[in-house]
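Data block below; observations after.
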Amino acid sequence: MEKGINRRFLLKLLGAGGTAALLKPALAQTSAQAETPIPSFTGPGPNPYWNGVHPYAIYPQKLPLLRMTDRPVQLETPRHYFRTVFTPNEAFYVRYHLDEIPNQIDLSQWRLKFEGNFERPLELSLEDLLTKFKPVSIAAVNQCSGNSRSRFQPRVAGGQWGNGAMGNALWTGVRLKDLLEAAGVKPGTVQIQFEGLDRGKGPENLGSGRFMKSLDLDDPVVEETILAYAMNGEPLPMLNGFPVRLVVPGKFATYWLKHVTWIRALTEPDKNFWMATAYRVPDTPNGSTTPEAVAAGQVKTVPIGHFNMPVRSFIIDPDGTSPLVVGMPVKIRGVAFSGHGKVVKVEISTDDGKTWRPAVLGADYGKYSFRTFEFTWRPSQPGNYVIAVRATDEKGNTQPDAPVWNPGGYLWNKIERQEVVVLAAK
Ligand SMILES: Nc1nc2c(c(=O)[nH]1)N[C@H]1C(S)=C(S)[C@@H](COP(=O)(O)O)O[C@H]1N2
Ligand SMILES: [Mo]
């Protein structure tokens, strides 16, 4: 792909030992920034903060993003950054669970360590990763399991994301299976566990103080997983996992471990909180259940990794902030993706989902990437309209018009709508 990593640039950075130094002054602010409480709200109308409207905040290496929480850092990407198929690194959303996140990493000391049931307990430097392994690139959408959680009815606890807990990037790095081969997975291994550098109890107050996720060794996604050292041709922003993060194409971002520093071969399934308790969804075909079933204790759950990301699509323009005019063409544009395979169809409705017409799809950057779409609409009558968008993937999955519900606020993929006003031409 034309947007591949400039490895020379990265090597130069490494050679100069410059990365840590370069990032230090800016990143030191990450934790120093005082927490701004969400303003108390007395009405009228519904609480806008609870509805995912958050203040803009500037963090190191980032453009102003919507701050949901500061401890841990959770920043949402504003809608207009999805006008391009690749989400700019500076605008890419940020989600952590723990309060203490790395502000700087000394690459002369940092090593990727292999522990547990491996033949060779390797310790690899970033330079080793860059020079001793074949680089591969993949365009893939990183989406938080809780993206759009603020839409759930009845409401559920957790970060009240709008639709901006997602982003698409061209990731470059080393194949996980090449790393596993180098370390030599011993027989009896059932899962591979990943742990990053962030620490702390986090608001969930869970004790272990570490964020860890595991992939089943026999999950086909292991073949496609990469440990990425570059994002859109640049080193990863610190807040998105510098120096290396996992990219697990088609799976929710909770598995996309940031600042990966330990890779462990486990002989027993991972029982840590983030696998056994958090990020679990009802074991139903679409992960949906009811509050009543939950209250009755009837819901069997599985890790969200058992699901690929359901197909979704988003209207980016028009965004309803300015009226349209009769007879004037307007481009309805947005992005679509699916964790199950390539998006093959996007349809637009300008009558709230009663009738649908196909949009024109943008360039194909691979089955895990955003796919842009465009539809030219020339409204012929003034009035209030509801635009809707519906994507279908190559497996035939399409978006439902019914919401899902589960207590974690996961797997939302209901058809999106945008209200617009069309004025008569003067
Ligand atoms: N080390 C570490 N990696 C992590 C997390 C974390 O808290 N710590 N959160 C995960 C979750 S739940 C999400 S949604 C993504 C967010 O990736 P981003 O911050 O780069 O957007 O990181 C994943 N990887
Ligand atoms: Mo997440």
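The values are calculated or read from the model by the stated rules, or taken from the named source; none is laboratory data. Owing to the predicted nature of the structure, the values given are computational and were not obtained by experimental measurement. Note that we place each Cβ from the backbone using ideal geometry, even for glycine, and neighbour counts take in every protein chain shown. Note: areas computed on protein heavy atoms with side chains; ligands, DNA, RNA excluded. Shrake-Rupley method; radii C 1.70, N 1.55, O 1.52, S 1.80 Å.
When you count the other C-beta atoms within 10 angstrom of each residue and take the mean per peptide, 318-324, 80-86 line up highest first as 80-86, 318-324. Of 113, 186, 132, the residue with the greatest mean-square motion in the GNM of the chain, using alpha carbon springs below 10 Å, is 132.
Taking a Cβ cut-off of under 10 Å around residue 93, the surrounding Lys, Arg, Asp and Glu residues balance to a net charge of +1, with basic ones at +1 and acidic ones at -1. Here's the picture: charge each Lys and Arg Cβ at +1 and each Asp and Glu Cβ at -1 in the stretch 312-423, and of 405, 373, 338 the one pushed furthest to the positive end of that dipole is 338.
Under a 5 Å amide H cut-off, with hydrogens placed 1.01 Å from N, residue 257 pairs with 246 among residues at least 5 apart or on other chains. Model label points for residue 100 and residue 58, set 7 angstrom from Cα along the Cα-to-Cβ axis, are 2.9 nm apart.
Centroid-to-centroid, using Cα positions, the stretch 390-416 and the stretch 112-148 are 30 Å apart.
The residues packed around residue 343, meaning those with a beta-carbon under 10 Å from its beta-carbon, carry a net charge of +2 if Lys and Arg are +1 and Asp and Glu are -1.
Computed on the Cα atoms alone, the convex hull of the stretch 312-423 gives a volume of 107 cubic angstrom per residue.
When you restrict to C-alpha pairs under 8 Å that are six or more residues apart and normalise by the size of the stretch 154-273, the relative contact order lands at 33 percent. Couplings 3J(HN,Hα) of the stretch 255-262, computed from phi: 8, 7, 4, 9, 6, 4, 10, 10 Hz, in residue order, whole Hz [Karplus 6.51 cos²θ - 1.76 cosθ + 1.60, θ = phi - 60°; x for Gly and Pro]. For the chain, with all protein chains in place and a probe radius of 1.4 Å, 54% of the accessible heavy-atom surface sits on carbon or sulfur.
For the residue pairs 213/395; 113/134; 62/354, the C-alpha atoms sit more than 30 angstrom apart in 62/354. Residues whose amide H falls under 5 Å from that of residue 281, counting only those 5 or more places apart or on a different chain, are 302, 304, with hydrogens built in the peptide plane.
Once C-alpha pairs closer than 8 Å and six or more residues apart are averaged by separation and normalised to the residue number of the stretch 312-423, the relative contact order reads 35 percent. A simple rule links phi to the HN-Hα coupling: the Karplus curve 6.51 cos²θ - 1.76 cosθ + 1.60 with θ = phi - 60°, which for the stretch 336-353 gives 9, 6, 8, x, 9, x, 4, 6, 10, 8, 10, 10, 10, 10, 10, 10, 6, x Hz, with x for Gly and Pro. In the elastic network of the chain, a GNM with C-alpha springs shorter than 10 Å, the most mobile of 273, 194, 114 is 273.
In order along the stretch 166-175, phi translates into HN-Hα couplings of 7, x, 10, 9, 8, 9, 10, x, 10, 5 Hz, rounded to whole numbers, per the Karplus curve 6.51 cos²θ - 1.76 cosθ + 1.60 with θ = phi - 60° and x for Gly and Pro.
Put simply, the amide H of residue 324, placed in the peptide plane, has neighbours under 5 Å in 421, 422, 423, leaving out anything fewer than 5 places away on its chain. Over the C-alpha atoms of the stretch 100-234, the Rg to Rh ratio, Rh being the Kirkwood estimate, stands at 0.99.
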